[in-house]
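Following: one structure in structure tokens, then a few remarks.
The values are calculated or read from the model by the stated rules, or taken from the named source; none is laboratory data. Predicted, not measured: the structure shown is a model, and the values here were computed from it. Cβ sites come from the backbone with ideal geometry, for glycine too, and all protein chains shown count toward neighbours. The area values use the complete protein model at the heavy-atom level, side chains included, leaving out ligands, DNA and RNA. Shrake-Rupley method; radii C 1.70, N 1.55, O 1.52, S 1.80 Å.
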Amino acid sequence: MIQPPSKRYYTTFFDSDRWLRFQSRPDDVIVATPYKAGTTWTQNIVLHLIHQDLQNRNIGGISPWLDIRFRAFDGDDGINAMLCAQAHRRVIKTHLYFDGLPFDSKLKYIFVGRDPRDVFMSMWNFYNSFGDMFFETPNDPAIPALPRPVDDILEGWDNWIGQGAAPGETDGYPFWSIFAQTKTWWDQRHRPNILFLHYADMWTDLKSQVQRVADFIEVDVDEEMLDQITELCTFSSMQKNSAKIDENSETNLKGGSKSFFHKGGGGRWRGLLNEARLAKYQEVAKRAVDPECKRWLEEGGSLL
């Protein structure tokens, strides 16, 4: 059964209508995450579990972000043609809100959460690494181009927590609201074909999270292979092999793929954000999501 999307998302970054022109397969795995919350990490885990040949792959070349507007969807070199040509089980990336996707009860969806304050810190480094192509005028004059980052990280924080970029949102500038996006998935957490992972749990006990993913996507993996996949998917291993894993960043980011795999972990916002800024964060978070969702975003752990 496929539930059609109830809302279209058409922004600087994505066009949800692309999903309406895409033909899914029953064994597809959809990695659906906020930005800078462990998307590439999760894609890498799923790809290693599916293939189990211990090869590092160019993730953007095999598991594309389907709804991104920066990359062609149609044509011989488009995302759709690439995915249609794949004979193996496919892993597809999206940053969409739940209500922007056609939801198929046969597919597997993995949503990954992360403390929004850590998301901002990772996003700030990423945003400041963007090459010129990201700031060019988009192909639709009705959609604004992405602005270049301001010089001061604290001004960047104030903009991010206090302004919206997507229609109707009041935070997340110049991207989109982590809270609004997460809420649409959180409200669907009862569905058996959605797995919720958390960045902090992956950081502290990666092996158990890799096993959770294997169980969820129904892939058998023995202990030796599980250990090898876990090692390949540690942050240090991915950082070491970043040029193979993220070939697109080699040309699109200042500093190449090393800018994409920056520091990982969390808590770098401590010592940067003063009491007033943290109070503003608390105000926004409490208004946007329920207390249990807020707790999970900040701490991870099992869903209650």
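Some points to look at:
- Restricting attention to the range 19-38, the residues being among the basic types (Lys, Arg), assigned to a loop (DSSP other than H, G, I, E, B) and open to solvent by 50 Å² or more (accessible area, probe 1.4 Å) number 1.
- Identity of the residue in the range 10-59, without any contact (Cβ under 8 Å) to a residue 60 or more places away in the chain and over 19 Å from the mean Cα position of the chain (by Cα), that ends up farthest from residue 142 (Cα to Cα): 53
- Residue check: residue 198 meets all listed conditions (1) at pLDDT below 95; (2) closer than 30 Å to residue 156 by Cβ; (3) surrounded by 15 or more Cβ atoms within 10 Å (Cβ to Cβ) but one, namely (1).
- Selection from the range 105-130 of residues that are touching an Asp or Glu at 6+ places or on another chain (Cβ under 8 Å) and of a type in the set (A, V, I, L, M, F, W, C): 107
- Cross-chain or 6+ apart pairs with Cβ under 8 Å, the range 191-204 first and under 14 Å from residue 302 (Cβ atoms), then β-branched (Val, Ile, Thr) and modelled with pLDDT under 95: none
- Checking residue 207 against (1) under 19 Å from residue 119 (Cβ atoms); (2) touching a Leu at 6+ places or on another chain (Cβ under 9 Å), the condition it does not meet: (1)
- Only one entry of 280, 240, 263 meets the criterion of being under 19 Å from the mean Cα position of the chain (by Cα) and either surrounded by fewer than 16 Cβ atoms within 10 Å (Cβ to Cβ) or at pLDDT 95 or above (or both), and that entry is 263.
- Hits in the range 82-112 (condition: farther than 21 Å from residue 49 by Cα and in contact with a Phe, Trp or Tyr (Cβ under 7 Å, 6 or more places away or on another chain)): 95, 96, 97, 98, 100, 101, 102
For (1) polar (S, T, N, Q); (2) modelled with pLDDT under 95; (3) over 28 Å from residue 50 (Cα atoms), each residue gets a yes or a no:
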| position | (1), (2), (3) |
| --- | --- |
| 155 | no, no, yes |
| 173 | no, no, yes |
| 188 | yes, no, no |
| 191 | no, no, no |
| 207 | no, no, no |
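- Applying the condition of being touching a Ser or Thr at 6+ places or on another chain (Cβ under 8 Å) and not in a strand (DSSP E or B) to the range 1-18 and asking which residue is surrounded by the most Cβ atoms within 10 Å (Cβ to Cβ) yields 9.
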